[in-house]
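The values are calculated or read from the model by the stated rules, or taken from the named source; none is laboratory data. No experiment lies behind these values; they were computed from the predicted model shown. For neighbour counting, all protein chains shown are included, and Cβ atoms are generated from backbone atoms with ideal geometry for every residue, glycine included.
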């Protein structure tokens, strides 16, 4: 899917992931992914306390024991159901 208002092509996913925010891990669904960021959706995300600019981690699987990396991200947008993230760096375990 290409959206000209975005910085690049995004790929729809639907895979499970974990958002590491304020020392808590939240199970999410990876809605879409690009080279620069990701859009996640989750039922138990603390959307009322998350602000653009907050830093968090993103694991691209649902089991932290098997995820080889955690991506350091910055929140760029928060809606009533989703959090948009910008990739900042990758930490290999």
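Restricting the stretch 48-58 to residues that are touching a strand residue (DSSP E or B) at 6+ places or on another chain (Cβ under 6 Å) and part of a loop (DSSP other than H, G, I, E, B) leaves a set whose member that is farthest from residue 75 (Cα to Cα) is 50.
Consider only pairs whose beta carbons are under 6 Å apart and that are at least six residues apart or on different chains; among these, list those whose first residue lies in the stretch 64-82 and is on the phi < 0 side of the Ramachandran plot and at pLDDT 90 or above and whose second residue is surrounded by 15 or more Cβ atoms within 10 Å (Cβ to Cβ) and part of a loop (DSSP other than H, G, I, E, B). What qualifies is 75/50; 75/54; 78/50.
With respect to residue 67, determine if the residue is surrounded by 15 or more Cβ atoms within 10 Å (Cβ to Cβ), closer than 18 Å to residue 29 by Cα and more than 13 Å from the chain's Cα centre (by Cα). The answer is yes for residue 67.
The set of residues in the stretch 70-93 being assigned to a strand (DSSP E or B) and exposed (fewer than 15 other Cβ atoms within 10 Å of the Cβ) consists of 77, 88, 89, 90, 91, 92. When you scan the stretch 25-32, do you find a residue that is buried (at least 18 other Cβ atoms within 10 Å of the Cβ) and more than 10 Å from the chain's Cα centre (by Cα), even just one? Looking for residues that are buried (at least 18 other Cβ atoms within 10 Å of the Cβ) and more than 10 Å from the chain's Cα centre (by Cα), one finds at least one in the stretch 25-32, hence yes. Does residue 60 fit the bill of being under 12 Å from the mean Cα position of the chain (by Cα) and more than 24 Å from residue 9 (Cβ to Cβ)? No: the conditions fail for residue 60.
Restricting to the stretch 46-63, name every residue that is touching a residue at least 24 places away in the same chain (Cβ under 8 Å) and under 17 Å from residue 86 (Cβ atoms). Residues satisfying the conditions are 50, 51, 52, 54, 55, 56, 57, 58, 59, 60.
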